[in-house]
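The values are calculated or read from the model by the stated rules, or taken from the named source; none is laboratory data. Remember, it's a predicted structure, so these values are computed and weren't measured experimentally. All Cβ positions, even for glycine, are placed from backbone atoms using ideal geometry, and neighbour counts span all protein chains on display. Surface areas here come from the heavy atoms of the whole protein model, side chains and all, with no ligands, DNA or RNA. Shrake-Rupley method; radii C 1.70, N 1.55, O 1.52, S 1.80 Å.
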Amino acid sequence: MMEEIISKLTAKDDKQACAFADRIISESNDSDIWYGYFDEFASLINHPKSYVRNRTLCILAANAKWDDENRFDSVLTDYLTHITDDKPITARQCIKALAQLGAAKPSYIARILPALREADLSKYKDSMRALIKKDIEETENILLKYI
């Protein structure tokens, strides 16, 4: 079963893989049905393909609220590195997902906020840098409500 899930999330057909990830995220918002696969999802966090990283970051954030075992502790450092992912779209996905993560696990906000504030965005083109800065501000504002 797990090999099938990983295969679907990493499929060459990005449209199909995205649809499957969207289903996991949607179902994870309402139920812990996918939480049992947390470690397997986490294994994809540094996947070479940015689309897979995007999906993984969102799936992990959606499952954070079910994380009574604190399994997220083992991936938080890796997760935060994607604030400045090589691909700006992945960085934006990560930053936006951090709002959901912080809401689910307020104890992480003390680590998330400095990571956002200290992010070096110099590698991005000006147009993308402006969007990422805006995403960071929006996520910070959301997270500050949980402190």
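Does Cys58 meet the test of being more than 20 Å from Ile5 (Cβ to Cβ) and in a helix (DSSP H, G or I)? Spelling it out, it is not the case that Cys58 is more than 20 Å from Ile5 (Cβ to Cβ) and in a helix (DSSP H, G or I).
Look at segment 16-40: where a residue is free of Cβ contacts under 8 Å to residues at least 24 places away in the same chain and outside any helix (DSSP H, G or I) and a partner is open to solvent by 40 Å² or more (accessible area, probe 1.4 Å) and acidic (Asp, Glu), sitting 6+ places away or on another chain with Cβ atoms under 9 Å, you get Ile33/Glu27.
Of the residues making up segment 36-86, those that are among the aliphatic types (A, V, I, L, M), closer than 20 Å to Leu116 by Cβ and either in contact with a strand residue (DSSP E or B) (Cβ under 7 Å, 6 or more places away or on another chain) or surrounded by fewer than 22 Cβ atoms within 10 Å (Cβ to Cβ) (or both) number 4.
Starting from residues that are open to solvent by less than 70 Å² (accessible area, probe 1.4 Å) and either among the hydroxyl-bearing types (Ser, Thr, Tyr) or closer than 16 Å to Asp86 by Cα (or both), keep the ones in segment 132-147 and report whichever is farthest from the chain's Cα centre (by Cα). Here the answer is Ile132. Is it the case that segment 95-109 has a residue that's open to solvent by 50 Å² or more (accessible area, probe 1.4 Å), not in a helix (DSSP H, G or I) and not aromatic (Phe, Trp, Tyr)? So far as segment 95-109 goes, no, none of its residues is open to solvent by 50 Å² or more (accessible area, probe 1.4 Å), not in a helix (DSSP H, G or I) and not aromatic (Phe, Trp, Tyr).
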